[in-house]
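First comes the structure, then the notes that go with it.
The values are calculated or read from the model by the stated rules, or taken from the named source; none is laboratory data. These numbers were taken from a predicted model, which means no experiment stands behind them. For neighbour counting, all protein chains shown are included, and Cβ atoms are generated from backbone atoms with ideal geometry for every residue, glycine included. Areas reflect the complete protein model, heavy atoms only, side chains present, ligands, DNA and RNA absent. Shrake-Rupley method; radii C 1.70, N 1.55, O 1.52, S 1.80 Å.
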Amino acid sequence: MDTQQIIILILGILAILALGTALVVRQRRSSSKELPWEQRPELEQQAPAEAEPDVEAPVAPQVPAEPGPAEPEVPAEPAVPEVEVPAVEVPESVGSRMERLRGRLAASGALGRALLSILSRGDLSEADWEEFEDTLLMADLGLDATTELMDTLRTQTKVRGTTDVEEVRVILREELLALVGPDMDRSLNLESVVADDARHPASILMVGVNGTGKTTTTGKLARLLVADGKSVVLGAADTFRAAAADQLATWGERVGVDVVRSDREGADPASVAFEAVKVGRESGADVVIVDTAGRLQNKAGLMDELGKIRRVMEKGAPLREVLLVLDATTGQNGMTQAKVFAEVAGITGIVLTKLDGTAKGGIVVSVQRELGVPVKFVGLGEGADDLAPFNPEDFVDSLLA
């Protein structure tokens with residue numbers, strides 16, 4: 001082979017090698033465009049170094065836990081509205097109210113002023129004595145009591161030989177006091193009984209006609225007993241008037257006393273009275289006071305119902321007092337009322353209301369003489385504490401003040 005052929009062969013081989021190298025480089029470049037940086041280590045040294053951005057690490061998503069058994073929903077307790085509890089009043093003490101009522105009675109002693117006006121004339125003529133007698137009769141002293149008092153005054157003035165006003169006044173006081181009855185028992189019987197391992201409270205039944213202030217007097221009597229340290233339960237047995245039960249409930253709330261009443265108007269009053277006694281016994285109360293509907297003495301049915309109430313109350317607790325509430329301004333008409341109530345209910349005492357500002361103080365004497373029952377309480381005003389135990393000496397002295 002000559003030199004020319006050898007050169008041609010070498011050039012051919014070089015051409016083939018150059019072509020192969022070019023194909024390999026081209027293939028690598030094409031592959032480098034599709035691979036990520038981390039998969040081409042041979043090119044990392046050739047890649048420009050870039051600063052990594054300051055990126056916070058991503059928060060791993062929270063995978064919810066598999067739901068368990070659903071817990072039962074507890075209903076929210078309803079909001080309890082705040083109720084303003086009325087403040088309980090403190091009743092006036094017995095001694096304080098008696099002192100105050102003595103002053104009121106003295107200020108309204110129309111009877112005493114009329115009598116002393118006649119006596120101040122000196123030597124009394126027959127006309128003066130007749131005027132004196134008329135004044136006593138108008139004061140509802142009663143015919144028998146007036147006649148007795150007049151005879152005594154005439155006799156004593158003659159025996160002592162005096163017409164001096166002060167001496168006659170002393171005689172008048174002595175005789176009036178004797179008529180009022182200072183020796184009568186005016187205390188309130190509140191003796192309880194222990195039986196069947198239970199304490200039975202003393203019970204009081206309040207009776208009277210319409211308009212005498214019976215329900216109000218019941219509330220005032222409760223205040224008087226609370227002031228004396230007694231625990232009381234009231235029974236609203238006047239079921240014919242819803243207003244009566246509401247009124248009694250108001251009296252009870254003012255001094256923190258429970259009141260038993262019926263939700264139905266016209267309910268059996270005897271059942272209310274029985275329930276009141278039961279509540280009083282279960283609560284350990286000292287006294288149960290039952291208010292009844294005002295009754296006219298000529299209504300036989302209502303009066304019979306009153307007797308039923310009494311019998312029902314006696315089954316649960318000893319009935320210690322039956323108090324007749326009388327209006328002092330009704331005069332001798334009150335005598336008729338008192339007689340019928342005494343026959344039906346067995347009255348043990350009298351409460352005289354509206355005794356202030358009246359010349360009818362003689363009703364104290366006449367009602368006691370007629371029934372043999374003492375006046376135990378008097379009311380001399382509309383105030384809550386205008387009720388006090390009756391005191392004969394204070395009453396007579398106030399009349400003649």
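The residue that is least open to solvent (accessible area, probe 1.4 Å), counting only those in segment 299-320 that are under 30 Å from GLY362 (Cβ atoms) and free of Cβ contacts under 8 Å to residues at least 24 places away in the same chain, is LEU302.
Residues in segment 190-208 that are over 17 Å from VAL378 (Cα atoms) and part of a loop (DSSP other than H, G, I, E, B) were compared, and the one that is least open to solvent (accessible area, probe 1.4 Å) is PRO201.
Every condition in (1) in contact (Cβ under 8 Å) with a residue 40 or more places away in the chain; (2) open to solvent by 10 Å² or more (accessible area, probe 1.4 Å) is met by LEU323 except one, and the failing one is (2). The set of residues from segment 146-167 being within 27 Å of GLU370 (Cα to Cα) and hydrophobic (A, V, I, L, M, F, W, C) comprises LEU149, MET150, LEU153.
Looking for something out of contact with any His (no Cβ under 6 Å at 6 or more places or on another chain), modelled with pLDDT of 90 or more and among the small types (Gly, Ala, Ser) - is there at least one such residue anywhere in segment 347-356? Among the residues of segment 347-356, at least one is out of contact with any His (no Cβ under 6 Å at 6 or more places or on another chain), modelled with pLDDT of 90 or more and among the small types (Gly, Ala, Ser), which makes the answer yes.
Any chance you could count how many residues in segment 229-254 are part of a strand (DSSP E or B) and among the charged types (D, E, K, R)?
Here is the first cut: in segment 229-254, the ones part of a strand (DSSP E or B) are 232-236.
With the extra rule that they be among the charged types (D, E, K, R), the set shrinks to none.
Number satisfying all stated conditions: 0.
The set of residues from segment 142-189 being free of Cβ contacts under 8 Å to residues at least 24 places away in the same chain and open to solvent by 80 Å² or more (accessible area, probe 1.4 Å) comprises LEU143, ASP151, LYS158, VAL159, ARG160, GLU166, GLU167, GLU174, ASP183.
Condition check ((1) at pLDDT 90 or above; (2) out of contact with any Asp or Glu (no Cβ under 8 Å at 6 or more places or on another chain)) across all residues:
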| site | (1), (2) |
| --- | --- |
| LEU141 | no, yes |
| VAL159 | no, yes |
| GLU167 | no, yes |
| LEU177 | yes, no |
| ASP185 | yes, yes |
| ALA202 | yes, no |
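Within segment 261-279, does at least one residue satisfy the condition of being under 28 Å from VAL367 (Cβ atoms), out of contact with any strand residue (DSSP E or B) (no Cβ under 6 Å at 6 or more places or on another chain) and part of a helix (DSSP H, G or I)? Yes, that holds for at least one residue.
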